[in-house]
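Asker: I have a structure here, written as structure tokens, and I will follow up with some questions on it.
The values are calculated or read from the model by the stated rules, or taken from the named source; none is laboratory data. Predicted model only: the values in this text are computed from it and were never measured. Reconstructed Cβ throughout: ideal geometry from the backbone, glycine too, with neighbour counts over all protein chains shown.
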Amino acid sequence: MTAIVETAPAKINLALHVRRRRPDGYHELETLFAFCRDGDVVTVEAADVTRLTLTGPFAAVLADESRDDNLVMRAARGFCERFGITQSHAITLDKHLPVASGIGGGSADAAATLRALARLHGVAVDHPDLFALATALGADVPACLLGQTARGEGKGDALQPLAPLGDRPVLLVNPGVGVSTAAVFGRWDGVDRGALGQGEVMAIAAAGRNDLEPPARAIAPQIDAVLALLAAAPGVALARMSGSGATCFALFGDVAARDAAAELARARGWWALATFLR
């Protein structure tokens, strides 16, 4: 069996409405998921013993984390258990996305691992058991497994695929701070500000909001400066925080405007990824 390589694309929430707290500890959400061309990269191949190797610019952030607790390893164990696979695997995670940054890094990595293992072992990537496993791994993992523009409801795992947004230039910017998802949700004020709209994706996104922005900005005020820079950039169509932060995104009408904004962000010492939506 040859090595299988899967991109774990960055996820953004074009809009994220928090409707209520649920008895199971999650929150009832309505969100618009979109995915970028670029992200982390997961490589899986058969091996004598299962192991995880970390590479890439953000590998050191995960260096102290137990390999067994890493979401990639949990995905691999879950896949083998569910599909009766006894083969061991060597997994390499090339980490290019910031950790704890609201763009689905860990969830995308787990989903890419599931896709790679499915391809390696002849399991359909849309197999219902694969999505059931993704749901057990985390609220964003099913969306990342689907990997396309979608409306998410429930805790984000009830998915309705939507039309692709078609190579739209996008800029992701993180001010270099990690924000705890649990802490941000813990600071949400509990006010239901209304449902996500219906209709064309970009119209819904423009009329929407991210209800986690205020609590995230209270925890990490650096987000204010990122949003201010993106909102003021020439040619920006939409600027918003993604997920629970601290990464923010801006959609642009052309590549030159996106790249100019990226240079401004990097000049401030921020992480910036100039890419396209899928």
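Asker: Please identify the pairs in which a residue from the range 244-271 that is touching a residue at least 60 places away in the same chain (Cβ under 8 Å) has its Cβ atom under 7 Å from the Cβ atom of a residue that is outside any strand (DSSP E or B) and hydroxyl-bearing (S, T, Y), counting only partners at least 6 apart or on another chain.
Answerer: S244/T181; A246/S101; T247/S101; C248/S242; F249/S242
Asker: Among the listed residues A116, A60, A110, A90, which satisfies the condition of being in contact with a helix residue (DSSP H, G or I) (Cβ under 8 Å, 6 or more places away or on another chain) and either assigned to a strand (DSSP E or B) or not assigned by TED's automatic domain parsing to the domain that holds A216 (or both)?
Answerer: Working: A116 fails: in contact with a helix residue (DSSP H, G or I) (Cβ under 8 Å, 6 or more places away or on another chain); A60 fails: in contact with a helix residue (DSSP H, G or I) (Cβ under 8 Å, 6 or more places away or on another chain); A90 fails: in contact with a helix residue (DSSP H, G or I) (Cβ under 8 Å, 6 or more places away or on another chain).
One residue alone meets the criteria, A110.
Asker: Now a separate question. From G78, G56, G84, G39, grab the single residue that is at pLDDT 95 or above and either acidic (D, E) or touching a Lys or Arg at 6+ places or on another chain (Cβ under 6 Å) (or both). Steps first, please.
Answerer: On the way: G78 fails: either acidic (D, E) or touching a Lys or Arg at 6+ places or on another chain (Cβ under 6 Å) (or both); G84 fails: either acidic (D, E) or touching a Lys or Arg at 6+ places or on another chain (Cβ under 6 Å) (or both); G39 fails: either acidic (D, E) or touching a Lys or Arg at 6+ places or on another chain (Cβ under 6 Å) (or both).
That would be G56, the only listed residue that is at pLDDT 95 or above and either acidic (D, E) or touching a Lys or Arg at 6+ places or on another chain (Cβ under 6 Å) (or both).
Asker: Take A136 and tell me if it is within 16 Å of the chain's Cα centre (by Cα) and either among the hydrophobic types (A, V, I, L, M, F, W, C) or at pLDDT below 95 (or both). If you could, list the steps in order and put the result at the bottom.
Answerer: Numbers: within 16 Å of the chain's Cα centre (by Cα): no; either among the hydrophobic types (A, V, I, L, M, F, W, C) or at pLDDT below 95 (or both): yes.
Considered against the rule, which asks whether it is within 16 Å of the chain's Cα centre (by Cα) and either among the hydrophobic types (A, V, I, L, M, F, W, C) or at pLDDT below 95 (or both), A136 comes out as no.
Asker: So A203 passes all but one of these: (1) touching a residue at least 12 places away in the same chain (Cβ under 8 Å); (2) under 19 Å from L277 (Cβ atoms). Which condition number does it fail?
Answerer: (1)
Asker: If you don't mind, another one. Of all the residues that make up the range 148-204, how many are in a strand (DSSP E or B), of a type in the set (A, V, I, L, M, F, W, C) and surrounded by fewer than 18 Cβ atoms within 10 Å (Cβ to Cβ)? Spell out the reasoning first.
Answerer: Step one: of the range 148-204, the residues in a strand (DSSP E or B) are 150-154, 158-161, 169-174.
With of a type in the set (A, V, I, L, M, F, W, C) added as a condition, the list becomes 150, 158-159, 170-173.
Then keep just the ones that are surrounded by fewer than 18 Cβ atoms within 10 Å (Cβ to Cβ); that gives 158.
Number satisfying all stated conditions: 1.
Asker: Same structure again: I'd like the full set of residues that are basic (K, R) and under 27 Å from C36 (Cα atoms), limited to the range 78-104.
Answerer: First, pick out the residues of the range 78-104 that are basic (K, R): 82, 95.
Of everything in the range 78-104, just one residue is basic (K, R) and under 27 Å from C36 (Cα atoms), namely K95.
Asker: Next question, about the same structure. Yes or no: R168 touching a residue at least 40 places away in the same chain (Cβ under 8 Å), in contact with a Leu (Cβ under 8 Å, 6 or more places away or on another chain) and not aliphatic (A, V, I, L, M)? Give the steps one after another, and end with the answer.
Answerer: Numbers: touching a residue at least 40 places away in the same chain (Cβ under 8 Å): yes; in contact with a Leu (Cβ under 8 Å, 6 or more places away or on another chain): yes; not aliphatic (A, V, I, L, M): yes.
So R168 passes the test.
Asker: If you check V42, V72, V18, which single one turns out to be closer than 30 Å to A195 by Cα, surrounded by 20 or more Cβ atoms within 10 Å (Cβ to Cβ) and touching an Asp or Glu at 6+ places or on another chain (Cβ under 8 Å)? It would help to see each step written out before you state the result.
Answerer: Details: V42 fails: closer than 30 Å to A195 by Cα; V72 fails: closer than 30 Å to A195 by Cα.
On inspection, the qualifying residue turns out to be V18.
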